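The values are calculated or read from the model by the stated rules, or taken from the named source; none is laboratory data. As the structure is a computational prediction, the values presented were derived from the model and not from experiment. In this analysis, Cβ positions are derived from the backbone assuming ideal geometry, glycine residues included, and neighbour counts consider all displayed protein chains.
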Amino acid sequence: MFKSILIANRGEIACRIIDTAHQLGIRCIAVYSDADREARHVALADEAYHIGPSPSQESYLCVDKIIDIATRAEAQAIHPGYGFLSESPILAKACQENGLVFIGPPIQAIESMGSKSAAKMIMEQAGVPLISGYHGENQDESHLCKQAQKIGYPVLLKAAFGGGGKGMRVVENARAFSESLAGAKREALASFGNDKILIEKYLTQPRHVEVQVFADQHGNCIYLADRDCSIQRRHQKIIEEAPAPDVPDDIRKAMGESAVRAAKAIDYVGAGTVEFLYDNGDFYFMEMNTRLQVEHPVTEMITGQDLVRWQLHVATGGELPLTQEEVTIEGHAIEARIYAEDPDNDFLPATGKLNYLRQPNISNHLRVDTGVRENDEVSTFYDPMIAKLIAWDESREQAIRRLTSGIDEYRISGVQTNLEFLSNILEHTAFHQKELNTRFIETHHQVLFSEGYKPCNRALALVSLYLILAQTQERQRSANTSQDPYSPWHAFNGWRLNQTQKHTLVLIDASEVEHEITINQNLSNYQITIDGHLLKASGTLNEDHLTASIDGHQVNVRVAAHGEQITLFEKQNVYHFVQKANLSTPEEESHQDESGLLAPMNGTIVSILTEVGHQVSAGEPLVIMEAMKMEYTIAAPYDGKIDEVYFKEGDLIQDGAELLSMIANEEKS
């Protein structure tokens with residue numbers, strides 16, 4: 001086994017590789033860009049080297065820099081992860097030339113599958129089923145148009161050297177062909193440096209089913225089950241599961257054997273994925289990914305195997321740990337990709353600081369693969385995936401329940417996420433009934449997407465209750481600990497003379513609608529009026545965990561507050577608010593009386609810090625009172641001049657007594 005490896009990647013997959021490598025006693029060398037100086041993968045690695053500026057073209061995609069660092073760090077091998085240079089024959093060749101092992105397939109295998117058109121020719125010769133289409137060299141528009149007509153509309157235009165949905169267009173008829181071809185070519189050239197296009201018959205409701213294959217350097221090749229990856233947005237997967245539901249055993253076996261034939265046709269070594277379109281019992285080769293897939297954890301969960309461990313073992317010349325007959329499948333696994341993005345705005349990526357991040361508890365049933373921690377930044381430079389949440393159980397329905405529960409427990413604020421959208425998919429009847437196809441999201445658009453942000457009064461009441469309880473706790477914490485910390489004078493609950501106290505605040509919801517909220521408080525009971533609607537509330541707060549009763553409905557929720565930003569997590573429902581006006585205390589309301597300042601409690605005047613005629617500024621201390629061995633300072637509520645002082649030091653004062661009066665300056669502060 002290797003003693004040291006360099007991981008030419010970042011984020012979640014770099015952390016995933018480090019985890020297995022450390023279990024094997026392998027020293028891990030990380031690389032990082034400017035944006036990733038404090039990244040999780042850097043902290044987990046044994047060593048880390050700066051590789052360049054934040055843009056990936058100047059850092060993670062620089063083969064020369066990676067080889068140089070690997071040589072200086074005395075790495076024996078390079079693991080490329082997925083994405084970036086994972087399918088780069090240039091990196092594989094550079095490793096070969098510099099005495100490094102590339103933990104991936106041979107150069108010729110990468111090159112063979114790097115061109116979709118060349119790959120289809122090889123698959124055709126290997127007897128792997130192909131969908132009707134054109135993948136020739138003639139790229140003349142009139143020739144391509146004739147080929148589309150021959151195939152029959154609708155057709156799919158695809159970048160021959162691309163992936164991830166780039167350079168892809170669905171063409172419904174001949175009238176739209178020319179414009180669609182021009183757009184596909186422009187995008188393919190910009191993304192992959194090559195504008196070659198291939199054409200396929202477009203299946204309107206196919207499933208995306210792929211097979212995990214593994215081969216060693218001794219001619220052994222097997223398949224490790226299949227996966228359904230039909231739930232996609234913008235041609236990119238967001239939910240994957242294994243094994244693929246409702247595929248007949250004979251078709252499943254035929255698909256697996258076809259995938260092995262595909263791998264053997266290019267003398268493959270290592271982990272690879274053969275992707276098929278599956279439609280009414282027929283399957284067609286789509287492409288082969290010559291790397292580890294993002295969704296590999298679902299295969300690991302149902303086979304009990306560590307595919308990264310297999311990669312390292314095969315790269316050192318070891319034989320496959322299992323034969324085809326020894327591969328066993330247990331239960332069902334589903335993975336959801338958690339992204340920083342806005343599903344309601346065409347899945348636009350979101351950026352920002354993860355100022356609050358809580359993951360569900362990890363167990364044999366629930367796994368989290370992530371590359372971020374609380375307070376990390378989701379930048380504009382890289383893919384906005386926050387984590388992969390993977391659930392396993394004995395049946396598909398139980399796995400769905402596990403995953404749904406895990407999503408409910410995943411709490412993130414600071415950036416918008418797709419958590420609620422994922423939950424909507426998992427709860428949809430069609431998903432439970434296995435009505436899967438690559439147009440699932442478009443078909444069920446009306447149900448899956450929100451109809452606009454409408455925070456309920458309960459959510460506003462819960463946030464209001466959280467704020468008043470949090471402020472009470474803060475007042476108690478900030479009290480002078482040398483004196484009685486349990487004094488009722490610290491209370492924010494209307495204790496004095498059993499009076500009802502009134503508090504006000506303003507919350508702005510995600511649609512920028514302002515909500516005026518009044519809270520009448522008597523001891524631990526609250527009457528909360530929101531936009532004219534009255535709710536009765538009570539509750540307790542333990543850090544971010546709020547246990548509350550709203551009109552007799554008991555709930556347990558989590559609340560994250562960061563400055564003026566407040567996020568309420570209520571199962572899969574997440575509500576974002578901005579606190580426009582601070583919660584006012586009874587004392588603050590008293591201070592705001594324009595004719596004078598009132599005593600907030602029964603007590604004794606300790607010190608008068610001003611006199612008649614003095615000009616004072618807002619916040620300036622004026623009077624110090626004492627009650628039950630606690631001092632309290634009354635400050636000026638605004639800029640002005642002292643008009644009258646009604647008491648002297650040593651006087652006993654009743655709660656609510658006017659202590660002094662002020663004349664405000666022309667412009668109040």
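Within the set Val574, Val559, the sole residue that is within 20 Å of the chain's Cα centre (by Cα) and either assigned by TED's automatic domain parsing to the domain that holds Ile634 or at pLDDT 95 or above (or both) turns out to be Val559. Residues of the stretch 106-122 that are touching a residue at least 40 places away in the same chain (Cβ under 8 Å), under 22 Å from Cys95 (Cβ atoms) and out of contact with any Ser or Thr (no Cβ under 9 Å at 6 or more places or on another chain): Pro106, Gln108, Ser115.
Applying the set (1) in contact with an Asp or Glu (Cβ under 8 Å, 6 or more places away or on another chain); (2) part of a strand (DSSP E or B); (3) modelled with pLDDT under 90 to Leu497 leaves exactly one unmet item: (2). Only one entry of Lys120, Lys166, Lys158 meets the criterion of being in a loop (DSSP other than H, G, I, E, B) and either within 30 Å of Pro297 (Cα to Cα) or touching a Pro at 6+ places or on another chain (Cβ under 6 Å) (or both), and that entry is Lys166. Is at least one residue of the stretch 443-459 within 29 Å of Leu277 (Cα to Cα) and of a type in the set (Val, Ile, Thr)? Checked the stretch 443-459: at least one residue is within 29 Å of Leu277 (Cα to Cα) and of a type in the set (Val, Ile, Thr).
A quick yes/no check of all residues on (1) part of a strand (DSSP E or B); (2) at pLDDT 95 or above; (3) within 20 Å of Glu241 (Cα to Cα):
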residue	(1), (2), (3)
Tyr268	no, yes, no
Gly272	yes, yes, yes
Tyr278	yes, yes, yes
Leu292	no, yes, yes
Pro297	no, yes, yes
Arg309	no, yes, no
Leu322	no, yes, no
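Every residue, every condition in (1) in contact with a helix residue (DSSP H, G or I) (Cβ under 8 Å, 6 or more places away or on another chain); (2) over 27 Å from Leu85 (Cβ atoms); (3) crowded, with 17+ Cβ neighbours inside 10 Å, yes or no:
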{"site": "Gln149", "(1), (2), (3)": "yes, yes, no"}
{"site": "Tyr153", "(1), (2), (3)": "yes, yes, no"}
{"site": "Lys158", "(1), (2), (3)": "yes, no, yes"}
{"site": "Glu179", "(1), (2), (3)": "no, yes, no"}
{"site": "Leu189", "(1), (2), (3)": "no, no, no"}
{"site": "Ile199", "(1), (2), (3)": "yes, yes, yes"}
{"site": "Thr204", "(1), (2), (3)": "no, yes, no"}
{"site": "Val211", "(1), (2), (3)": "yes, no, yes"}
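Of the residues that make up the stretch 536-547, is at least one aliphatic (A, V, I, L, M) and within 29 Å of the chain's Cα centre (by Cα)? Yes, the stretch 536-547 contains at least one residue that is aliphatic (A, V, I, L, M) and within 29 Å of the chain's Cα centre (by Cα).
Residues are listed down the side, and each one gets a yes or a no for (1) under 26 Å from the mean Cα position of the chain (by Cα); (2) under 21 Å from Cys95 (Cα atoms):
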| site | (1), (2) |
| --- | --- |
| Ile5 | no, yes |
| Arg10 | yes, yes |
| Ala14 | yes, yes |
| Ala21 | yes, yes |
| Tyr32 | yes, yes |
| Ala39 | yes, no |
| Ala43 | yes, no |
| Asp46 | no, no |
| Ile51 | yes, yes |
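Starting from residues that are touching a His at 6+ places or on another chain (Cβ under 7 Å) and closer than 12 Å to Ile468 by Cβ, keep the ones in the stretch 505-547 and report whichever is modelled with the lowest pLDDT. Ranking the qualifying residues of the stretch 505-547, first place goes to Gln521. With respect to the stated conditions, Glu409 is farther than 20 Å from Arg10 by Cβ and among the charged types (D, E, K, R).
Among residues of the stretch 187-214 that are touching a residue at least 40 places away in the same chain (Cβ under 8 Å), those with a Cβ under 7 angstrom from a residue that is among the basic types (Lys, Arg) and surrounded by fewer than 17 Cβ atoms within 10 Å (Cβ to Cβ), sequence gap 6+ or separate chain, pair up as Gln205/Arg439. Just checking, how many residues over the stretch 514-529 are without any contact (Cβ under 8 Å) to a residue 40 or more places away in the chain and either buried (at least 21 other Cβ atoms within 10 Å of the Cβ) or touching a strand residue (DSSP E or B) at 6+ places or on another chain (Cβ under 6 Å) (or both)? Residues that pass the stated criteria total 7. Checking the structure you have, find out if any residue of the stretch 55-66 is modelled with pLDDT of 95 or more, in contact with a Leu (Cβ under 8 Å, 6 or more places away or on another chain) and of a type in the set (Phe, Trp, Tyr). Within the stretch 55-66, one or more residues are modelled with pLDDT of 95 or more, in contact with a Leu (Cβ under 8 Å, 6 or more places away or on another chain) and of a type in the set (Phe, Trp, Tyr). Only one of Ser191, Ser230 is assigned by TED's automatic domain parsing to the domain that holds Phe421, more than 20 Å from Arg261 (Cα to Cα) and either within 27 Å of the chain's Cα centre (by Cα) or part of a loop (DSSP other than H, G, I, E, B) (or both). Can you tell me which? The conditions single out Ser230. Residues that are within 51 Å of the chain's Cα centre (by Cα), under 28 Å from Gln521 (Cβ atoms), modelled with pLDDT of 85 or more and among the aromatic types (Phe, Trp, Tyr) occur at least once in the stretch 577-588. For the stretch 519-532, a residue qualifies if it is more than 11 Å from Leu460 (Cα to Cα) and assigned to a strand (DSSP E or B), and the qualifying residues are Ile519, Asn520, Gln521, Asn522, Asn525, Tyr526, Gln527. Any chance you could count how many residues in the stretch 548-573 are exposed (fewer than 14 other Cβ atoms within 10 Å of the Cβ) and either of a type outside the set (D, E, K, R) or assigned to a strand (DSSP E or B) (or both)? Number satisfying all stated conditions: 6. In the stretch 358-376, the residues that are more than 11 Å from Ile390 (Cβ to Cβ) and of a type in the set (Asp, Glu) form Cβ pairs under 6 Å with partners that are outside any loop (DSSP other than H, G, I, E, B) and modelled with pLDDT of 95 or more, at six or more places apart or across chains, as follows: Glu374/Leu357. Mind checking whether some residue in the stretch 26-41 is under 18 Å from Gly162 (Cα atoms), modelled with pLDDT of 95 or more and among the polar types (S, T, N, Q)? Checking the stretch 26-41: not a single residue is under 18 Å from Gly162 (Cα atoms), modelled with pLDDT of 95 or more and among the polar types (S, T, N, Q).
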